[in-house]
1. Could you grab the pairs with beta carbons closer than 9 Å, sequence gap of 6+ or different chains, first residue in the range 180-208 and polar (S, T, N, Q), second one open to solvent by 60 Å² or more (accessible area, probe 1.4 Å) and at pLDDT 95 or above?
2. Report every pair of residues separated by at least 6 positions or lying on different chains whose Cβ atoms are under 8 Å apart, first residue within the range 79-102 and closer than 11 Å to Ser60 by Cβ, second of a type in the set (Val, Ile, Thr) and surrounded by 15 or more Cβ atoms within 10 Å (Cβ to Cβ).
3. Residues of the range 130-151 being at pLDDT below 90 and polar (S, T, N, Q), which ones?
4. Run down Thr135, Thr111, Thr121 and say which single residue is assigned to a loop (DSSP other than H, G, I, E, B) and surrounded by fewer than 16 Cβ atoms within 10 Å (Cβ to Cβ).
5. Go through the residues of the range 182-198 one by one and say whether even a single one is in a helix (DSSP H, G or I), open to solvent by 50 Å² or more (accessible area, probe 1.4 Å), at pLDDT below 90 and not polar (S, T, N, Q).
Amino acid sequence: LALKWHPDKNLENAEEAAEQFKLIQAAYDVLSDPQERAWYDNHREALLKGGVRGEYQDDSLDLLQYFTVTCYSGYGDEEKGFYVVYRNIFEMIVKEEMECKNEEATEEFPTFGDSQSDYDTVVHPFYAYWQSFCTQKNFAWKEEYDTRQASNRWEKRAMEKENKKTRDKARKERNELVRELVAFIRKRDRRVQAHRKLVEEQNAEKAKKVEQLRRQQKLQQAKLAEQYKEQSWITMSELEKELQQMEAEYEKEFGDGSDYSEEMKEVEEEQQTEGQSLH
């Protein structure tokens, strides 16, 4: 460009060439100075749209007018329908964000879809992203101080600090506004309502199955307890039968059990008497 607009090569159009060559020189001076270049990079959007001395008018989409049910008509896919109106709004927001993104950024913005969009592949990803939306805009046009006018580095740092506070405040307000709009839309989105109803029905069915399973487990436990009790009774009954059988066999072999007891007592008394005689 410098060679193209050099005055010596444009003698027939010297005045225009001199003006263009002056601008090229100024641009070169900015690109050659790291601080100047950084400042212009940060204020690129404001410069392209009017300057940084108050002439800039923010042409961002006014979102406040869409916080009302009167901005759409019905929940179909007609031009004034809920899904078309808000799809267009988010497409405009995305366009604004794309203008502020650097060339290296590869972030994708989920689409709003239409009335028939699938919940898992369209609706859920949309709300998952936009509910935590963070703008790419730097809001440099909101700055109060031109750091190029600072008389020393301390004054420049103080200006930069105040400018950063202003930018951060504006960015936060924008993020909150978009997120609040998303919440407003989500509350009225019939696709979300239908999915919520489906989930509630599924949860109710699961709860019903869990309760049935719990009852079955209680019945099974009660049955096992009864079986254990019956089994214990059967075991005791069998032991008693065995004992009775043993007594019967003993009686049969040794006679009456009562006579046996008397004989044992007589033997014990004789042993005691003999013991006393020896003493």
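1. none
2. The qualifying pairs are Ile93/Val178; Glu97/Thr135; Cys100/Thr135.
3. Result: Gln136, Asn138, Thr147, Gln149, Ser151.
4. Checking each option against the conditions leaves just Thr111.
5. Among the residues of the range 182-198, not one is in a helix (DSSP H, G or I), open to solvent by 50 Å² or more (accessible area, probe 1.4 Å), at pLDDT below 90 and not polar (S, T, N, Q), which makes the answer no.
The values are calculated or read from the model by the stated rules, or taken from the named source; none is laboratory data. Remember, it's a predicted structure, so these values are computed and weren't measured experimentally. When we count neighbours, we look across all protein chains shown, and the Cβ atoms used for this are built from the backbone with ideal geometry, even at glycine. These area figures cover heavy atoms from the full protein model, side chains too; ligands, DNA and RNA do not enter into them. Shrake-Rupley method; radii C 1.70, N 1.55, O 1.52, S 1.80 Å.
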